[in-house]
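All remarks here apply to the structure that follows.
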Amino acid sequence: MPKHIASGLKYLATIELKKKGLTQQKIAEELGIDRSTVSHYLNGRNLSWNSIAVARTMTELCPKDFLILTKVLVKDAKKAQKIISTCQNKDFEAEVLDSCIGCGLCVDLCLMEAISLESLKANVDSVGCCGCLLCQEGCPTNSIKILEVNNDREY
Ligand code: SF4
Ligand code: SF4
């Protein structure tokens, strides 16, 4: 069953990338799967519709749960990152306060690899951020604030 749900997640990402106009070959490269698998997904073959329904429900969970479940099911960090950034339909931005001491803990905590240290201060790539809040919750000096862009809601 976990393998089928992982396929459901890849199916959802395939559909989203197709909507953006990517070719089957490009979708295959983006998701790290065979082009023939992409073709099967787009033609509705070899699919468990229950698994797709479960996968769709996962995309509606809070970002942290969606991230962690996807990482566990897909078992490949880069593929999981791509699925999450493709299927996550919210945008986030981060504010790093001057109290940041450059310890790098948030860099290690970020499963999306969206944080780097620049001049001993955390720098967040908002394109890669999925809003999981692991960095905000783990920062020892409370120096990261993650905001959902569309409604300015602070978690
Ligand atoms: S965990 Fe906090 S203090 Fe440490 S680098 Fe990240 S933002 Fe700065
Ligand atoms: S909220 Fe923080 S830990 Fe989560 S993806 Fe965004 S930058 Fe990374």
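Every read-out reported here was derived from the displayed coordinates using simple, explicitly stated rules and does not represent laboratory data. All values derive from a computational prediction rather than experimental measurement. Cβ placement follows ideal geometry from the backbone for every residue including glycine, while neighbour counts extend to all protein chains displayed.
Between region 46-95 and region 100-143, how many Å separate their Cα centres? Value for the Cα centre distance between the two parts: 20 Å.
Each residue of region 32-48 was assigned a 3J(HN,Hα) from its phi angle through the Karplus curve 6.51 cos²θ - 1.76 cosθ + 1.60 (θ = phi - 60°); the sequence is x, 10, 5, 5, 5, 5, 4, 4, 4, 4, 5, 9, x, 9, 6, 10, 9 Hz, with glycine and proline shown as x. Remark: spin-label model distance Ile15-Glu95 equals 3.7 nm, labels positioned 7 Å along the Cα→Cβ axis.
Entry note, the chain: relative contact order of 22 percent, from Cα contacts under 8 Å with a spacing of 6+ residues. Annotation: cysteines of the chain without a disulfide-compatible partner (Cβ-Cβ under 4.7 angstrom) are Cys62, Cys87, Cys100, Cys103, Cys110, Cys129, Cys130, Cys132, Cys139.
Reachable aspartates and glutamates from Lys71, Cα under 16 Å, same-chain residues fewer than 8 places away excluded? In chain and number order, the partners are Glu60, Asp108, Glu113. Segment Glu118..Arg56, full-extension length gain: 18.7 nm, with 0.36 nm per residue of separation and the alpha-carbon distance subtracted. When the pairs Lys26/Lys90; Lys20/Lys64; Lys20/Lys121 are compared against a 27 Å limit on Cα-Cα distance, Lys20/Lys121 fall above it.
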